[in-house]
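Here is the structure we will look at.
The values are calculated or read from the model by the stated rules, or taken from the named source; none is laboratory data. Note that this is a predicted model, so its numbers are computed, not measured. Cβ sites come from the backbone with ideal geometry, for glycine too, and all protein chains shown count toward neighbours.
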Amino acid sequence: MVPAAPTLLAKQVETLHEMVPHAAVIGLLLNPATGNAELQANDLQAAAETLGLKTVIAKATTDMEFEEGFAILSQNRAGAVIVSSNAFFYNRRNQLITLAKRHAVPAIYSYREFVVAGGLMSYGTSISDAYRLTGAYTGRILKGEKPADLPVQQSTKIELIINLNTAKALSLDIPPTLLARADEVIE
């Protein structure tokens, strides 16, 4: 699972900074084994620079490296963390949410499912919309269209989800402007 565009990470940085304006250092938990890892790191640094923020990147390719990654982020005083978008992290969302809570660090994720499971917030593409597009493609192929003739499509539905209980547990006051922009607020 890859975000819709490189600018998605920049918007995550902005949103996280709005939620945690006192955080001078933004961390990124990154899986270097993904094809877009370098792009994500560059996007983070560029977006953070425009806001006058510093960055720290922690890498994890195994479950055991998650703890190390959060320790690195904590040692480097990351006041907030972006958990990068990839299938490995998505499938281990409960473990990542638990670590963010244990380290008391506000985190933003790319998918709604992280927030439903107790994460602070997500900003990213809608998985259900992506599945809808996949179903439509499959239907067209089953009706006889050639896959090579079909246009490339990607989900463009971007959603902001916020978990109020997690914000409260982190003693965060959610800016009213952020709440107003949220597609869903989980209590």
Checklist entry - Assuming PHE66 fulfils every condition listed in (1) assigned to a helix (DSSP H, G or I); (2) modelled with pLDDT under 95; (3) of a type outside the set (Ser, Thr, Tyr) apart from one, which condition is it? => result (2)
Next on the checklist: assigned by TED's automatic domain parsing to the domain that holds GLY35, touching a helix residue (DSSP H, G or I) at 6+ places or on another chain (Cβ under 6 Å), hydroxyl-bearing (Ser, Thr, Tyr) and crowded, with 16+ Cβ neighbours inside 10 Å: which single residue out of SER84, SER110, SER74 fits that description?
Outcome noted: SER84
Next on the checklist: Anything in the stretch 162-180 that is of a type in the set (Ser, Thr, Tyr) and more than 19 Å from GLU14 (Cβ to Cβ)? List them, or say none.
Outcome noted: THR166, SER171
Next on the checklist: So VAL20 ticks every box in (1) surrounded by 24 or more Cβ atoms within 10 Å (Cβ to Cβ); (2) closer than 16 Å to LEU170 by Cα; (3) not aromatic (Phe, Trp, Tyr) but one. Which box is left unticked?
Outcome noted: (1)
Checklist entry - If you go through the stretch 69-82 one residue at a time, do you hit one that is under 20 Å from ILE174 (Cα atoms), of a type outside the set (Gly, Ala, Ser), at pLDDT 90 or above and not in a loop (DSSP other than H, G, I, E, B)? => result yes
Item to check | Residue among ALA47, ALA33 that is exposed (fewer than 15 other Cβ atoms within 10 Å of the Cβ) and of a type in the set (Gly, Ala, Ser) | outcome: ALA33
Checklist entry - Is it true that THR61 is part of a loop (DSSP other than H, G, I, E, B) and out of contact with any Lys or Arg (no Cβ under 8 Å at 6 or more places or on another chain)? => result yes
Item to check | Which numbered condition GLN40 misses (of (1) surrounded by 15 or more Cβ atoms within 10 Å (Cβ to Cβ); (2) assigned to a helix (DSSP H, G or I); (3) over 15 Å from the mean Cα position of the chain (by Cα)) | outcome: (3)
Checklist entry - On the given criteria, is THR98 among the hydroxyl-bearing types (Ser, Thr, Tyr), at pLDDT below 95 and either in contact with a strand residue (DSSP E or B) (Cβ under 8 Å, 6 or more places away or on another chain) or in a helix (DSSP H, G or I) (or both)? => result no
